[in-house]
Each structure stands twice: as structure tokens, then as C-alpha cells.
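Accompanying notes for the structure given below.
The values are calculated or read from the model by the stated rules, or taken from the named source; none is laboratory data. Here the structure is a predicted model, which means the values were calculated and not measured. Don't worry about glycine lacking a Cβ; one is built from the backbone with ideal geometry, like all the others, and counts go over all protein chains shown.
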Amino acid sequence: MADTTLLLGQTLSFRADPFAAGVAESAVHVRHGGVALRDGLIQETGTADELRARHPGATVRDYGDGLITAGFIDAHAHFPQTAMIASWGKRLIDWLNTYTFPEEMRFADAAYAAEIAARYFDLVLANGTTTVCSFCTIHPESVDAYFSEAQARGLRVLGGKTCMDRNAPEGLRDTPQSAYDDSKALLEKWHGAGRLSYVITPRFSPTSTPDQLAAMGALWAEHPDCLMQTHLSEQVDEVSWVRSLFPEARDYLDTYECHGLLGPGAVFGHAIHLEPRERARLKEADASLVHCPTSNTFIGSGLFDMDGLMREGQRIGLATDTGGGSSFSMLRTMAAAYEVAQLRGRALHPAELYWLATQGAARALRLDHRIGNLAPGIEADLVVLDLASTPAIAQRSIRANDIWEALFPTIMMGDDRAVSAVWAGGRSVMPAASAG
Ligand SMILES: [Zn+2]
């Protein structure tokens, strides 16, 4: 039996959603705190003195002033776009055709898929992200590479084969039947294997025929414990395109809804240009919306209505949308979420930003009972942040009067240099040299 490990430092956790309950009622900061880990789970949290007294034989890692929190959760990403992140000058549809599809074509090669999967997980762990929900490519090889790499590292991840049967180049198209058959085989192979979850993944309505969407809806009905992920209302041009492809649909969401692809466990990336009926139906169905702010500014998509959608009680998470997004870092993503909300007249509190990147994203993926917080029984996926990681951040945070003033400069200006350590499933996974 593994012994208890104590991680000591400042701790930040949540007992409620700060958007609903307010910051004071939701966030818990302990200046000299700690987390006891055992058998891959968080056993206990408390003050450093309490934990030392209760676990005299424990292995202790003292991170000093380091801030220990749940690891970041990236609720929408495309790992195959790792090598083409930050490609210049295009908007969504041209960007897909010019950069994305040629790169995704390469994932027919299992060796290339494995190389990029390893590189991707190196990058996300260096940025303190312990769970991602990723689109793979049309190739089953890409799904195998993604899950194999995550499994070898002991990570809780979600993902699925991206299905497309039209408006994509030769070599990146499947059919309704092959999309169903391949997805089903991959689901049976990976879903529930250790910490892995399969996600049924039609890319978006423009690249799936109604028959393919219906096949995905049928597969989801047979496996309702899986999530279903896709894209919704990212750019105005895309919404018009959907209207022309589905003239009988009431709106973009209806193209999914009428094929059995709306319900609890549906996870929609972007959701920027929504009609009133779509907002009402998303709420009613208890579907999840994932805000991808670095992508929305980078590709010029628009400004997500965080304040309005939160007031409606929508289920919302945060994500990078790598490589439409311009960063692997959830710190940079929180900063962009702050900037996008500012442009809509709302200053998100650091507690709200941090909640979105941990508990909010876990809740959007319906995993908040397992990950995304510091609490007994939650899986021990943790990040330790240095709140003085660069001279610019250090000279600002030294003036802080409370944790929020100390944390906000790292949210706005921090990057992978702020990530001191990462733990996944109770094991130290970063820095790589210090095996837990
Ligand atoms: Zn995306």
C-alpha cells in the first residue's frame, strides 16, 4: 500500500461556484495549508500543522509559498493541431482548409500520431493541465496514439475520433457507416479503460451529412454514459453556411438536436452567436458550453457572452481550443477570458477565472465529482504555482494584500514558468526528474 504524501504550501479550493454563490462563500484559501495524498486520491486537506500532526510518517513535499490547487482542465482541444498552432492570417473556414486539414491528413501515419501525442502531453503538463478533452482526427490511429500516451502517463483524459463525411478533402472523409463503426470500436476499446473516457465526436454540422449526424446520434443513444462533443456557432460566416446546408433547420443547434445530439453530456465548443431559442434549449437540455477565448480572438470569431450565459444558469467550461487557440496554457486562457469579458463590460474575478479553469471545466465534462478541486476523495491531480515566476510578476505580487491580488498577475502575465510542479493520480509527473 502506498504511504501518505503531504504537499505543503498555500492552497486554493472551492466549496461552491463563485458565479452563483459569490467569491467569499465559494473560495477557500489557506495561507499555510496542505493536501494529503494516498492511493491516487486526495485523502485530506487542512493547515500544514494539522496535517503534519495527523500524518507523522508521511513523505513531505514543502512547496513554501507555492500555491497548490487542482490541476487545470482543458475542456476543448485538438491535439493533432499541436504542430500548426499560431498559423497566420485566416478565418475559420480558410484556416481549416489551409492549415488544419493538411496537418490532420498526416495522422494516418501511426508513428507521426504517436510523436505528436507525446509532444502534446509534454506541453500541456508543463503548463499545469492534468485533464484535456480533445478531438483526434478521422483516423483511428490518432485516437489510439492519444489514449495510449495519456494512459502511460496516468492522466484522466477524454477524446474521440473526429467524424467528417463532406466538405473535407479526400483522405479526411469517412461515411456515416464507417464513422459509426470506427467510433463504436474505439469506444469499446478505450471508454472506461483506467482514467480514459471516449467522446462521440462529429466535427461540426458543415462537415457531416444529416445521415452521419443521425449515425452519431444513434451511437450516443446506445452509449449515453459517453459525452458528445462538437462545435456550435463559432463564426458568423459559419452560421450562414449551416443555414444554407440545412435549410429546414430552425437554427444551428437544431441541426444537432434533430439528429439526437442534444442532451446532458453534449459539449459544445464556442457557442458565441446564439439565437434565443438555442440558449433556451441548451439550458433546458443541461448541455455544456465551452468558452475558448484565445481561439475566439485569434481567429476573429467574436465575444462569448459569459455574464449573460452564466446568469441564465448555463453549464460553462473553459478551454484552449489548441491550435485554433494560440496557447497551451490555461493561465493565458484565463487572461483571454478576462479580456473578452471586459470587452463585454464585465470584469471577471480571479476566483471566477480560476473556477472556470478547474471546477467549471470539470463540471462541463461532468467530472466534477472526480477532478478539479482539492477535497477528500477527489483524484490527486494538482498543480503548484510560483506566484513570483518572473521579475515583472514578482514586483507586482509582492504588493498584494490578499490571495486574489497575489494570483491575478500570474493569471494575466504567467506562463509555463509559473508551473513549479504537477501531480497526476497522486504521482509527481512534472518536473520529470522528481518521481513521486
Ligand atoms: Zn475546436
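Rundown of residues vs (1) within 16 Å of Ser134 (Cα to Cα); (2) in contact with a Pro (Cβ under 9 Å, 6 or more places away or on another chain); (3) modelled with pLDDT of 95 or more, yes/no style:
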{"residue": "Asp174", "(1), (2), (3)": "no, no, yes"}
{"residue": "Gln177", "(1), (2), (3)": "no, no, yes"}
{"residue": "Tyr180", "(1), (2), (3)": "no, no, yes"}
{"residue": "Leu187", "(1), (2), (3)": "yes, no, yes"}
{"residue": "Trp190", "(1), (2), (3)": "yes, no, yes"}
{"residue": "Val199", "(1), (2), (3)": "yes, no, yes"}
{"residue": "Phe204", "(1), (2), (3)": "yes, no, yes"}
{"residue": "Leu213", "(1), (2), (3)": "no, yes, yes"}
{"residue": "Leu219", "(1), (2), (3)": "no, no, yes"}
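Residues checked against (1) within 16 Å of the ligand (Cβ to nearest atom); (2) more than 23 Å from Ser301 (Cβ to Cβ):
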residue	(1), (2)
Cys163	yes, no
Ser178	no, yes
Thr201	yes, no
Gln212	no, yes
His223	no, yes
Val236	no, no
Leu245	no, no
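Scan Ser329, Ser288 and give me the residue that is among the small types (Gly, Ala, Ser), in contact (Cβ under 8 Å) with a residue 60 or more places away in the chain, in contact with a helix residue (DSSP H, G or I) (Cβ under 7 Å, 6 or more places away or on another chain) and more than 16 Å from the ligand (Cβ to nearest atom).
Going through Ser329, Ser288 in turn, just one is among the small types (Gly, Ala, Ser), in contact (Cβ under 8 Å) with a residue 60 or more places away in the chain, in contact with a helix residue (DSSP H, G or I) (Cβ under 7 Å, 6 or more places away or on another chain) and more than 16 Å from the ligand (Cβ to nearest atom): Ser329.
How many of the residues in region 93-110 are more than 13 Å from the ligand (Cβ to nearest atom) and buried (at least 23 other Cβ atoms within 10 Å of the Cβ)?
1
Would you say Arg54 is more than 16 Å from the ligand (Cβ to nearest atom) and out of contact with any Ser or Thr (no Cβ under 7 Å at 6 or more places or on another chain)?
Taking the combined requirement at face value, the residue satisfies it.
Evaluate region 291-299: report whether one residue or more is within 16 Å of the ligand (Cβ to nearest atom), among the aromatic types (Phe, Trp, Tyr) and buried (at least 24 other Cβ atoms within 10 Å of the Cβ).
So far as region 291-299 goes, no, none of its residues is within 16 Å of the ligand (Cβ to nearest atom), among the aromatic types (Phe, Trp, Tyr) and buried (at least 24 other Cβ atoms within 10 Å of the Cβ).
If you take the residues of region 270-285 that are buried (at least 24 other Cβ atoms within 10 Å of the Cβ) and either farther than 22 Å from Ala221 by Cβ or β-branched (Val, Ile, Thr) (or both), which of them is farthest from the ligand (Cβ to nearest atom)?
The extreme case among them is Leu274.
Could you grab me the full set of residues in region 184-220 that are in contact with a helix residue (DSSP H, G or I) (Cβ under 6 Å, 6 or more places away or on another chain), among the hydroxyl-bearing types (Ser, Thr, Tyr) and under 20 Å from Asp144 (Cα atoms)?
Once the filter is applied, which keeps residues that are in contact with a helix residue (DSSP H, G or I) (Cβ under 6 Å, 6 or more places away or on another chain), among the hydroxyl-bearing types (Ser, Thr, Tyr) and under 20 Å from Asp144 (Cα atoms), region 184-220 yields only Tyr198.
One line per residue, one yes/no per condition, for (1) within 22 Å of Thr82 (Cβ to Cβ); (2) free of Cβ contacts under 8 Å to residues at least 12 places away in the same chain:
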site	(1), (2)
Glu170	no, yes
Tyr180	no, no
Arg195	yes, no
Thr201	yes, no
Gln212	no, no
Ala218	no, no
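Residue check: is Asp144 away from the ligand (no atom under 16 Å from the Cβ) and closer than 25 Å to Glu257 by Cβ?
It is false that Asp144 is away from the ligand (no atom under 16 Å from the Cβ) and closer than 25 Å to Glu257 by Cβ.
Of the residues that make up region 62-69, is at least one closer than 24 Å to Glu170 by Cβ and in contact with a Gly (Cβ under 9 Å, 6 or more places away or on another chain)?
Looking through region 62-69, none of the residues is closer than 24 Å to Glu170 by Cβ and in contact with a Gly (Cβ under 9 Å, 6 or more places away or on another chain).
If a residue counts only when it is crowded, with 23+ Cβ neighbours inside 10 Å, which helices (runs of 4 or more DSSP H) contained entirely in region 338-436 have at least 3 such residues?
Where helices (runs of 4 or more DSSP H) fall fully within region 338-436 and carry at least 3 residues being crowded, with 23+ Cβ neighbours inside 10 Å, they are 350-355, 361-364, 403-413.
Regarding Gly265, is this residue closer than 28 Å to His139 by Cβ, in contact (Cβ under 8 Å) with a residue 40 or more places away in the chain and within 16 Å of the ligand (Cβ to nearest atom)?
No.
Residues of region 200-226 being surrounded by 24 or more Cβ atoms within 10 Å (Cβ to Cβ), aliphatic (A, V, I, L, M) and out of contact with any His (no Cβ under 8 Å at 6 or more places or on another chain), which ones?
Ala215
What is the number of the single condition among (1) among the aliphatic types (A, V, I, L, M); (2) farther than 20 Å from Glu25 by Cα; (3) more than 16 Å from the ligand (Cβ to nearest atom); (4) touching a helix residue (DSSP H, G or I) at 6+ places or on another chain (Cβ under 8 Å) that Leu382 does not meet?
The single condition Leu382 does not satisfy is (4).
Please specify each residue of region 75-92 satisfying the condition of being buried (at least 16 other Cβ atoms within 10 Å of the Cβ) and either touching a strand residue (DSSP E or B) at 6+ places or on another chain (Cβ under 9 Å) or not in a loop (DSSP other than H, G, I, E, B) (or both).
Scanning region 75-92 gives Ala75, His76, Ala77, His78, Phe79, Pro80, Gln81, Thr82, Met84, Ile85, Leu92.
I'd like to verify a number: residues in region 251-262 that are in contact with a helix residue (DSSP H, G or I) (Cβ under 6 Å, 6 or more places away or on another chain) and either of a type in the set (A, V, I, L, M) or away from the ligand (no atom under 16 Å from the Cβ) (or both), how many?
7
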